């Protein structure tokens with residue numbers, strides 16, 4: 001009886017994770033396609049590329065969620081929380097509000113450089129809130145799945161396993177070092193994925209988004225990333 005109940009719980013949990021990650025992958029793929037079509041003025045988008053992107057996001061998401069679970073990270077508010085009120089509260093505290101702060105900081109630091117030739121043309125040439133929305137949601141979902149949900153979780157998992165052998169020697173250091181290294185390395189990779197213009201901002205922004213992910217799950221990291229980008233893009237290029 002207990003064995004059957006355990007199997008049912010595992011199956012329900014796996015279904016929840018798969019459904020959640022498939023939803024994330026769908027949003028990430030859809031936003032990428034719409035952003036590409038919008039930037040290319042109606043150029044067709046390869047169906048094979050859509051499927052490949054969806055499967056990549058799905059695989060990274062599932063691996064990230066399970067790695068996060070093994071490391072006692074939240075990974076996802078929706079998957080791990082049983083209290084809807086707390087989920088909404090954490091989403092606002094760790095996601096939306098920090099996103100506004102990041103957006104304001106970006107505006108104050110980079111507004112004067114908004115038309116630099118180093119800025120990507122699709123950003124410099126945006127004309128509508130729809131452009132800003134698509135660019136923001138595309139970057140937020142895709143980059144957070146890759147760099148926070150997957151890379152932070154995977155790095156934390158492997159580093160935790162590696163440092164576990166010396167935990168008894170420096171328990172306080174070993175408990176902190178894996179997650180700190182995971183955040184720094186993932187932020188460096190995040191910065192390297194951007195151009196020279198955005199390297200420094202992407203590194204520090206990646207650190208902040210990594211902390212948000214650790215505290216508030218992938219939903220909060222996506223929300224913070226989206227709000228920060230949308231606020232900065234809209235205020236800088238559409239005002």
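The values are calculated or read from the model by the stated rules, or taken from the named source; none is laboratory data. Values in this document were obtained by computation on a predicted structure and should not be read as measured data. Note that we place each Cβ from the backbone using ideal geometry, even for glycine, and neighbour counts take in every protein chain shown.
Residue by residue, here is whether (1) touching a residue at least 60 places away in the same chain (Cβ under 8 Å); (2) part of a helix (DSSP H, G or I); (3) surrounded by 19 or more Cβ atoms within 10 Å (Cβ to Cβ); (4) under 22 Å from the mean Cα position of the chain (by Cα) holds:
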| residue | (1), (2), (3), (4) |
| --- | --- |
| 115 | no, no, no, no |
| 141 | yes, yes, yes, yes |
| 145 | yes, yes, yes, yes |
| 159 | no, yes, yes, yes |
| 194 | no, no, no, yes |
| 201 | yes, yes, no, yes |
Yes/no for residue 80 being farther than 30 Å from residue 196 by Cβ and free of Cβ contacts under 8 Å to residues at least 12 places away in the same chain: no
Filter result (in a helix (DSSP H, G or I) and over 24 Å from residue 224 (Cβ atoms)) within the stretch 117-138: 121
Suppose the filter is under 26 Å from residue 53 (Cβ atoms), in contact with a helix residue (DSSP H, G or I) (Cβ under 6 Å, 6 or more places away or on another chain), at pLDDT 95 or above and part of a helix (DSSP H, G or I); does residue 155 pass it? yes
State all residues of the stretch 76-96 that are surrounded by 12 or more Cβ atoms within 10 Å (Cβ to Cβ), modelled with pLDDT under 90 and in a loop (DSSP other than H, G, I, E, B); if no residue qualifies, say none. 81
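For the stretch 59-73, how many residues are in a helix (DSSP H, G or I) and touching a residue at least 40 places away in the same chain (Cβ under 8 Å)?
Within the stretch 59-73, the subset in a helix (DSSP H, G or I) is 59-70.
From what's left, touching a residue at least 40 places away in the same chain (Cβ under 8 Å): 60-68, 70.
So the count comes out to 10.
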